[in-house]
Structure formats: structure tokens, C-alpha cells
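Presented below is the structure to which this report refers.
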Amino acid sequence: LPCLFLPSSMHLIQVDSVQRWMEDLKLMTDCECMCILQSKPISIEKDEQNELILSSQYSTCDNLQLLLKRAWIISTELTRTAQKLEKNRWQRVHSMTVRVNCHVRSMINEYSTFTRDSSEEMHQFEKLLIDKCSEFTAFTERCIQTEDEQILQSMKSCINETLTTIAQYFGQLIELVLTHEAQNLLRQIELSDSVYITESAISSLFSLTQEGAHLCRIIAKEGGVVVLFKICRQDCFRCLYPQTLRTLASICCVEEGMHQLEKVDGILCLADILTDNTHSEATHAEAAAVIAQITSPHLTFTQHLSSFLENMEEIVTALVRLCQEASSGEVFLLASAALANITFFDTMACEILLQLNGMKILLAACSDKHIVDTPYSRDQVVTILANMSVLDQCASEIIQGNGVQLLMEMLFERSSSGNSAEVAACERVQQKSAVTLARLSRDPEVADAAIKLSCIPRLIKLCRSPTERNNSDSVLVACLVALRRLAVMSPDGLEDSDFQQLVKPRLVDSFLLCTNMEESFV
């Protein structure tokens, strides 16, 4: 049975399992009550205020979150139903079918309480889905009333087909609902002159973007990028720029968002914001975040970056200034991340950075523990250093800014929390610092400084001790390369066993030796 319940990219915010259970309990118990009542209303009165409406106390944003939670529950139930069906557990299939039926009706009722302008197409899918769920329940009820295996097997394909159809209708209905809500929010933003209403709508839109790439695609297709850049071009909404730019950064994680950005000259708008000194630091930081997003080296679509070259010098200059004047670690992280991505994009960015004394500014910032305060920030800085190290002029800047000492310190980067993301960042810092040392050590002055700072023993330690590098193969390869480069400059700095095992053999042989090395050999 194909998984057609929800787009794979759609997700809920990850939370503790007990917390998730507590949040879902209300939905689950409502469903069980409805199972008993066969979906009949408690009261026959038509006074809406007397109805027990689950979502009445919430705002539009909360209602959408409730809808997504209900959709997640239905999707999970459909998946589990398919699994039980494969195992011929008919009693469980039927009870789960009843639950799905009730959840679907609850979801449609809840949505209708806060949406008065549903489209005819949505109503059609609602009816199709409810009818199919009722048919599904009737099917499974007949299954538990017979014990004839032959009859059950003959009904199984029909049930499978019905389940697939329900999944398709459900997915299409959710798509229509989310598209409808995105359209409503964008219409509010576009037509309202009220800062309060616009702020509320942008906040709801941002919440939607956090539910995954699929929702970002829907928003982009409905013109979300165009609408938000209109806000960023109106002085009366200046106080909303940071929030608007943060939403834009989220939408631009998908290709559709990038295409929209190109159509509205979004890069020019971002350059104007970054170079306008009358904007707040928060606005500049969020603009840097959008730049970091659209220049990410992980993105496979880069057509939009053709116009980026035209504004690159202005943008790089503004980002360097933001790094230099950053009042917090978060601002520095956003600005340096944008710079790091730009240096991947074009070597001209590295030359501009050198002309602007960018390396000196970044090295100086690293000495301020309040600004460069996490492995993530150091990862951005060492990425820039690694990309700039291909330039011959870079070596003298590194020496003058005490950069070799910094690279040596980065070889000791370790996670204090054990968090997986932080551990990965520490590995990247170690790897890129070793890469930078290897590249810069072609200059005798840099190599001599590295040797005097005892870089060779540290590189040997990282090669021989898996725990020092968190068992990272990429760190190992980078350290072997850096060690071999320094060994050429100072062959006397290595013991014979280190030379025979880590320098003399082919790189792949040394790599295999180190990956199989036990801690006791260190």
C-alpha cells in the first residue's frame, strides 16, 4: 500500500514523547467519545455557542496547528491500519477504522468552525472522504462477522483499494486546506494597512513554514515571496522587517521560493536593506540570514545567483561590517554564515574579503568569547579561512592576525553538551582547521609558526586516537594531509614510527591503519 497520507516533508515539531502524548490526549479522548456516540451531536440545539468545539478558544495560528496535529494522527492511524491489514488482524483493523472515521469527521468539523469561506472543491473532497470512510468502516465490520478465511482474503484487496483511496482523498483535502489558509494569510498581508493585522498574519505564515518544505512550496506557489518583499519595500512596515525576513528565509529553502525571489529582484532588495545604516541590527541580521539561506552550498538550484554577482561587493562589505559591529553571538553567526556560503560561491568574494581586511576582523572577533561563543560560529569562521587560504596573500594576513594559534586551538574543539548537532559542528571545525593548515603550510613562515605551536603532536594525536576526532574519517584524512605537509618542512619533528606509519605510506594505507587502530596503541 503506497504511503499517500501526508507529504513526506511535512512534520510536527519534535517534542518529548510524554509531552506529545499529553497534547494528543484531548484529541484521542474526543475521538473515543465520538466512537460511542456514533458521531451524533450531544445537543440537537442549533445554538453554536452551546456546541463543544475543540478549537474555539484558539487563534487562527493555533487552529492550523490543531489541524496539522489531527492530520498527523489520521496519517499515523492509516499507516498502522495498513500494517494490521497485512497481518490479517481484522478486529484491530476494524477498531482503527472506526477511529479514523471519527478523526476525519472531527477534523472536518473543527476546520469548518474557523473557516467560513471553504471552496466548493474542498466540500466535494470532504464529502468523498466521509463517504469513503463510512464505506471502509462497513467493510471491516463485515470482516469481523465472518471467520471464513476465503471470504476474508477475497475482501482484503477491496479493503486495500478503499484504504488507498481514503489516503489519496485525505492527502488532497489537506493540500487544499493548507493552500486555502496560505492564500487567506497572504491576502491579509497584501491588503491590510494595519501593522497589527499584518504582524499577526506574518506570524501565522512563519508558523506554517516551520512545518516543513512542503508547506514552504505551497506558500511560494501562492506568491508568498512576492507579498513579503512588498512589505520589505514599505517604510510604514519597518518594524516588521525582521519578522518578514525571517519568514522569507524559511520559504527560500525550496526551489519555488528561489524562483520567486529572482522574479521580484529580491537580492537587490536585500542588498539595499543591508547597506542602509538606518535599519536596526535585527533587520540586518535577518537579511543576512536570507543571504545565508539562498547561497547555501547544499542547494542544488543556483540559477538565481546570476544576479547575486552584480550585488556581491555591496553585500560582502555590509556583512563584514555586521560581523565587526555584532552585539551578540547570534548576529555574528548569521553574518558569518552568509559570508562563509558566499566564499563557496565565488573566489572573487575571497578577494573582496582580503581587500576589506575581513580576515583580520574575523580573527579579532574569535578572541571575544561573547561574540564567537559556540562551535557553530567557529565553524563559519574556519570555513571562511579555509576558502580564503587558496589565495597566496592570505598567509601574511594569518600570521599578522595570530591565525595559526587560532587554528591550533580549533584542533582541540570538543562538544561540551554531547548534542549530536554540536558534535558534528566540532568535527567540521577540526576538519576545516586541519585543511586550512595544510593549504597555508605551503608558505614556510606559516609552517614554521605551526611547528613552533606544536601542531605536529596534536595532528598525530588526532590521527592515532579515534576519540579525539570523535571517530570522524573526514577529520582523519584532513589531519593526515596537514601532517604530511608539515613533515616536509620539519622531518625531524616526527618520531620514526610516526613517519613510517603516518607519512611514508600512501595516504589510503595510513588512513586504513588509523581507522583500525585501538586506543591502547596511542
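The values are calculated or read from the model by the stated rules, or taken from the named source; none is laboratory data. These figures come from a predicted structure and were not determined experimentally. Quick reminder, even Gly has a Cβ in these numbers, built from the backbone with ideal geometry, and neighbours come from all protein chains shown. Surface areas here come from the heavy atoms of the whole protein model, side chains and all, with no ligands, DNA or RNA. Shrake-Rupley method; radii C 1.70, N 1.55, O 1.52, S 1.80 Å.
Nearest 0.05, what FRET efficiency do LYS127 and THR300 give at R0 = 25 Å with Cβ-Cβ as r?
Details: r = 41 Å, r/R0 = 1.62.
Once rounded, the FRET efficiency stands at 0.05.
Extending each Cα 7 Å along its Cβ direction at LYS452 and LYS369, get the distance between those two points in nm, one decimal.
Going by the 7 Å Cα→Cβ label model, 2.6 nm.
Per-residue accessible area for VAL98 at 1.4 Å probe radius, Å² rounded to 10?
Roughly 30 Å² of VAL98 is accessible to a 1.4 Å probe.
Report Rg (one decimal) and Dmax (nearest whole number) for region 364-407, counting Cα atoms only, units Å.
Rg, Dmax (Cα atoms, Å): 10.7, 31.
Report the gain in length on full extension from ASP62 to VAL390: 0.36 nm times residue separation, minus Cα-Cα distance, nm rounded to one decimal. Can you show the working numbers first?
On the way: separation 328, 0.36 × 328 = 118.08 nm, distance 5.07 nm.
Gain in length upon complete extension: 113.0 nm.
Leaving ligands and nucleic acids out of the surface, order TRP72, TRP90 by accessible area at 1.4 Å, largest first.
Details: TRP72 85, TRP90 25 Å².
Descending accessible area places them as TRP72, TRP90.
Suppose R0 equals 60 Å. What FRET efficiency, 1/(1 + (r/R0)^6) with r the Cβ-Cβ distance, do GLU445 and THR76 give to the nearest 0.05? Before the final figure, lay out the partial values.
On the way: r = 62 Å, r/R0 = 1.03.
The calculated FRET efficiency here is 0.45.
If you count only protein heavy atoms and use a 1.4 Å probe, how large is the accessible surface of PHE125, to the nearest 10 Å²?
About 30 Å², ignoring ligands and nucleic acids.
Heavy-atom accessible area per residue, region 197-273, 1.4 Å probe: how many Å²? Let's see the in-between values first.
Numbers: 2600 Å² over 77 residues.
With the other protein chains kept in place, region 197-273 gives 34 Å² per residue.
Checking the cross-link filter: which lysines have an alpha carbon closer than 21 Å to that of LYS360, excluding same-chain neighbours under 8 positions apart?
Cross-link targets: LYS369, LYS432.
So what is the diffusion coefficient of region 57-178 in µm² per second by Stokes-Einstein at 10 °C and 1.306 mPa s, using a Kirkwood Rh over Cα pairs?
Numbers: Rh = 15.1 Å.
Result for D is 105 µm²/s.
From the mean inverse distance of alpha carbon pairs (Kirkwood) and the Cα radius of gyration, derive Rg over Rh for the chain. Numbers along the way, then the final one.
Numbers: Rg = 29.3 Å, Rh = 27.0 Å.
Reported Rg/Rh, Kirkwood definition of Rh: 1.09.
In vacuum, with every alpha carbon of region 193-264 counted as one equal point scatterer, what does the Debye formula give for log10 I(q)/I(0) at q = 0.12, 0.22, 0.23 Å⁻¹? Two decimals, please.
-0.27, -0.89, -0.97
In Å, what is the Rg of the alpha-carbon atoms in region 284-335, and how long is Dmax?
Cα only, region 284-335: 11.7, 34 Å (Rg, Dmax).
So what is the orientation-averaged projected area of region 203-328, using the convex hull of its C-alpha atoms, in nm²? Could the numbers behind the result be given before it?
Numbers: hull surface 29.9 nm².
Value for region 203-328: 7.5 nm².
Do any of LYS452/LYS504; LYS127/LYS156; LYS461/LYS504 go past 20 Å between their Cα atoms, and which?
Values: LYS452/LYS504 22 Å; LYS127/LYS156 24 Å; LYS461/LYS504 17 Å.
Exceeds cut-off: LYS452/LYS504; LYS127/LYS156.
Working with all protein chains in place, sort ARG142, ARG506, ARG80 by solvent-accessible area computed with a 1.4 Å probe, largest first. Kindly include the intermediate steps, with their values, before the conclusion.
Numbers: ARG142 120, ARG506 155, ARG80 85 Å².
From most exposed to least exposed: ARG506, ARG142, ARG80.
With all protein chains present and a 1.4 Å probe, how do LYS263, LYS432 order by accessible area, largest first? All intermediate terms of the calculation are to be shown ahead of the outcome.
Numbers: LYS263 155, LYS432 45 Å².
Sorted descending by solvent-accessible area, the residues read LYS263, LYS432.
Kirkwood hydrodynamic radius (Cα pairs, Å) of region 377-457? Mind showing how you got there, number by number?
Values: mean 1/r = 0.0785 Å⁻¹.
Here the Kirkwood hydrodynamic radius works out to 12.7 Å.
Taking 8 Å as the Cα distance limit and 6 or more residues as the minimum spacing, I'd like the relative contact order of the chain as a percentage.
Details: 600 pairs, mean separation 43.2, N = 522.
In percent, rounded to a whole number, it is 8.
With every protein chain in place, what's the accessible area of ILE189 (1.4 Å probe, Å², nearest 10)?
Estimated to the nearest 10 Å², ILE189 gives 0 Å².
How long are the semi-axes of the ellipsoid equivalent to region 401-521, from square roots of 5 times the Cα gyration tensor eigenvalues, in whole Å, largest first?
Here the semi-axes work out to 21, 19, 11 Å.
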